[in-house]
Ligand SMILES: [Zn+2]
């Protein structure tokens, strides 16, 4: 794992909801390497760590191994109910990897780029909140027809397209689990997909694997870690990497030793998992061609250059 973590030293863990995920980074002036990423499903609370394994628990555990921990940042839309804020903050603070790290919670008006601190009873850092205010800029608008899945790695950030900022799910290895009706984050994902298909079309889902493709760059840490999944002792990280390894192994003929092959197998596993969601199946039955909906693309870790690989 030490090798997999080399080359990045993020100061923050940022938790963004899917719709304004890319906007959060831009609004707060977060540059490449500043923040690891995790995700909250828009309009839903962060659940207990055991129920939010891929979206939050795994990325938080992974981030805890870096040396600097200035704060955990979470942004809520200004119209979100207080109950969602309260439940989310409670569950963030409960995660063992967050112990002793300030939680910087903000209410945001994305249209005007206005943010306000949220008062809470967990550890805060008022001067750091103030310094983040100084960085705020009005973010570009989003393009709700494009959803990207991208790694939590601080070195990769959502690409900005001419149509606007894509919606983004950022998890370790850009992986989402196979649908399980008994698992909270899966039912939230399904609710998200259901709502997403109801609002606009055509749509596109881009699964972005990262590594050294166009130029020599560090590989995806999650893909590298999955090569030695048995060596991970931390509970949540171990559960996520084991699941990733198991899923990716379905798309490989032999035990791999090349992280680039691992990243591709991982992306294929994520694509298969997306297809397992009931809302995606309903969309398919309603005439959406999944082969025209979901694409795997590659991004160089350091340059952000992307290329389509079909
Ligand atoms: Zn990665």
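Brief remarks follow.
- Cα gyration tensor shape of segment 265-310, rounded if a/c is under 1.5, else prolate or oblate by comparing a/b with b/c: prolate
- Relative contact order, whole percent, for segment 1-135 stands at 25, derived from Cα pairs under 8 Å and 6 or more residues apart.
- Percent RCO, i.e. relative contact order, over the chain, from Cα pairs under 8 Å lying at least 6 residues apart: 20 percent
- Residues 209, 181 arranged by fewest to most Cβ contacts within 10 Å: 181, 209
- Most to least packed among 28-41, 109-122 [average Cβ atoms within 10 Å]: 28-41, 109-122
- If both residues of a DSSP beta bridge must be in segment 73-156, then about 45% of such bridges are antiparallel.
- Size of the chain as Cα extents on the principal axes (Å, biggest first): 52, 45, 39
- Two-site FRET efficiency, residue 275 against residue 182, from Cβ-Cβ distance with R₀ of 30 Å, rounded to 0.05: 0.95
- Among beta bridges from DSSP that stay inside the chain, the antiparallel ones total about 20%.
- Spin-label pair residue 261/residue 284, simplified geometry with 7 Å Cα→Cβ offset, distance in nm: 2.8 nm
- Normalising by residue count, segment 29-114 has a Cα convex hull of 104 Å³ per residue.
- Protection proxy ranking, peptides 297-303, 50-56, average beta carbon neighbours within 10 Å, highest first: 50-56, 297-303
- By DSSP, the beta bridges lying fully in segment 110-188 are antiparallel in about 10 percent of cases.
- For 186, 220, the sequence from fewest to most other C-beta atoms within 10 Å is 186, 220.
- Shape call, segment 65-119: gyration tensor on alpha carbons, a/c limit 1.5: oblate
- Protection proxy ranking of 157-163, 286-292, by the mean of other Cβ atoms within 10 Å over each peptide's residues and highest first, is 157-163, 286-292.
- MRE, 222 nm, helices only [DSSP H, n ≥ 4, -39500 (n - 2.57), over the chain, to nearest 500]: -9500 deg cm²/dmol
- Centre-to-centre separation between the Cα atoms of segment 25-72 and those of segment 144-171: 15 Å.
No value in this document is a laboratory result; all are computed from the given coordinates. The shown structure was predicted, so the numbers you read here are calculated from the model rather than taken from an experiment. Cβ: placed from backbone, ideal geometry, glycine included. Neighbour counts: every protein chain shown.
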